[in-house]
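Please treat every number below as a calculation from the coordinates, not as lab data. Keep in mind the model is a prediction, meaning the values are calculated, not measured. Counting neighbours? That spans all protein chains shown, and the Cβs are built from the backbone with ideal geometry, glycine included.
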């Protein structure tokens, strides 16, 4: 996407409405919140050349309680319409009564190093950017949905133009229905550093959409929405190319797994099982 | 069925389709039933069917215009016209399916040629161009035409490629085990040949000079029997291996088709009506070319093959990418179930109407007009 770098640079300077995170100051308390550490590491990573960074996400399934806060935070951050989900939490019941338990699998885009979705795009509308993140160019996407069919993780959804206020009643003089109550839905989000209002059939309506590790937040020095919102601190994010980062420590543990590794996709999302 | 009835059917189906076309343009994909799990539905199945028909018709046209088989004389121009009409229907079907159909030009001018969709788009564009040129040369043919032969050779090569291209588009998709079979493109080639023969059988039913065309049927009927036999063999191989292999990604869609939700369509329409019945009827009919019966069997084959594309396409998508995914998210289009909506059926009806009327008008007005003007010249 030709304008992406410039737009993201603008974002980084707070030009498009994204609040820049306050710079971490001083040494944290003895037992610091991992968010503080990750934010410090993020600031360190952003000083590097983009190609020298390797963004990864680590999800500790043992700590996930299935609260769906990450799903909701993601929807709010990216103003996702009905039917578009970037980060669902897959719930699985394990065992048999009376020994039953549940496992939770938050599933963002795996940001594969060998993504099968980009190869099938007929117009280069989805590709791996210089940050190593698989992104969408909404103005290029023709909406053929071949990438959805090709993703082995079901991490892409199509924006059919639905609104949360669809089919809600309109009552004159009251804040009800689409005409008066859905200003929030019409407001622009800032995905990929570009403001896009939801108007008619213009993009991103009619496009395939996906998780992008909150690229617009990263460039402003803020962690992805799912990471900061995780109440169990089960989601970790950072630069795996930094040997001192938290994610580097985590992904070198033997109990790390990646989904469907046999397909050769090399996901950048790791799970601690 | 006489030609007048065919016109009436064509007009009615097109009128129904006009509502579907309006709905698609006015409301986008709002009224479509496909979503983010089953992303390709009836319109893509029709794209495969009509695209295959176009290629199949071209290949049959080559018997007359390239190989000059005496028994096929006179069918080449009709087959090329049918190829153009069905190709148009295929392209409309796939354009309607796009989220941004106004950006279709990007596939041609800014393509990623490693992608199956772009390969298909370019393949069908080249194929359409060659077919149009071949048709123009054929209706204006005076004696031997070397250029026509060259075009037909090129078209034959391109046809063989694009016939299998939709199968390749699906077959290379490693995420969908049900489609990820090396023989899928070959199956699509044989489906195309069978449907091409079937459409010609239908077209010949409405031909004015039937006595001249009976010789064509003497080739088309045995060919259809053999091709349907091959298709049945492919189907048996595909499903029996899929189920016996036990891999969930392959077994579950195969079971859904053979013994699940789609078993009626599979056994009743694809296997019986579109396979065994035409084989038996055409075989029993022998050299007694009953032309209306031939047309009816042609329709049965088209219906059966249409259903087979639909089942392979849709069932292959009704698999959870991760166990529990379908329960994890709720919302429009996030379900494993799919049945075409009224709007989708209306568009399908319109496309069928366009093809019927296109073929009839071509046979009655356009092709004779071109021929007459050539004779006058």
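Which residue, B:160, B:98, B:354, has the most motion in a Gaussian network model of chain B that connects Cα atoms within less than 10 Å?
Fluctuation is largest for B:98.
7 Å from Cα along Cα→Cβ at both residue B:263 and residue A:263: what's the point-to-point distance in nm?
The modelled label-to-label distance comes out at 3.1 nm.
What 222 nm value per residue comes from the helices of chain A, counting each DSSP H run with n ≥ 4 as -39,500 (n - 2.57) and dividing by all residues, nearest 500 deg cm²/dmol?
Result for chain A: -5500 deg cm²/dmol, rounded to the nearest 500.
Need the full-extension length gain, residue B:31 to residue B:186, defined as separation in residues times 0.36 nm minus the C-alpha distance. One decimal, nm.
52.4 nm
Do the sum for chain B: with -39,500 (n - 2.57) for every DSSP H run of n ≥ 4, divided by all residues, what is the mean residue ellipticity at 222 nm, to the nearest 500 deg cm²/dmol?
Value at 222 nm, helices only: -24000 deg cm²/dmol.
Can you sort A:136, B:247 from fewest to most other Cβ atoms within 10 Å of each residue's own Cβ?
B:247, A:136
Using a 10 Å cut-off around each Cβ, can you sort B:80, B:232 from fewest to most neighbouring Cβ atoms?
Neighbour counts put them in this order, fewest first: B:232, B:80.
Round to the nearest 10 and give me the degree value, 0 to 90, for the angle of helix B:367-376's Cα axis relative to the longest principal axis of chain B.
Its long axis makes an angle of about 30 degrees.
Output the 0 to 90 degree angle, nearest 10, between the alpha-carbon long axis of helix B:291-315 and the longest principal axis computed from the alpha carbons of chain B.
Computed tilt is about 30 degrees.
Can you tell which of A:81, A:169, A:115 shows the greatest fluctuation in a Gaussian network model of chain A with Cα springs below 10 Å?
Among A:81, A:169, A:115, the largest mean-square fluctuation in the Gaussian network model of chain A belongs to A:169.
Between residue B:153 and residue A:51, what is the FRET efficiency for a Förster distance of 41 Å, r being their Cβ-Cβ separation, to the nearest 0.05?
Step by step, r from the Cβ atoms, then E = 0.25.
Taking other Cβ within 10 Å of each residue's Cβ, how do B:73, B:142 sort, fewest first?
Starting with the residue having the fewest Cβ neighbours, the order is B:142, B:73.
If I model a spin label at residue B:233 and residue B:18 as a point 7 Å from the Cα along the Cα→Cβ vector, what separation in nanometres do I get?
4.8
Please give the FRET efficiency for residue A:67 paired with residue B:7, using the beta carbon to beta carbon distance and R0 = 56 Å, rounded to the nearest 0.05.
0.35
Distance in nm between label sites at residue B:109 and residue B:247, each 7 Å beyond Cα in the beta-carbon direction?
It works out to 4.1 nm between the two label points.
Compare A:65, A:91, A:256 in a GNM of chain A, Cα atoms joined below 10 Å, and give the one with the largest fluctuation.
Maximum among the listed residues: A:91.
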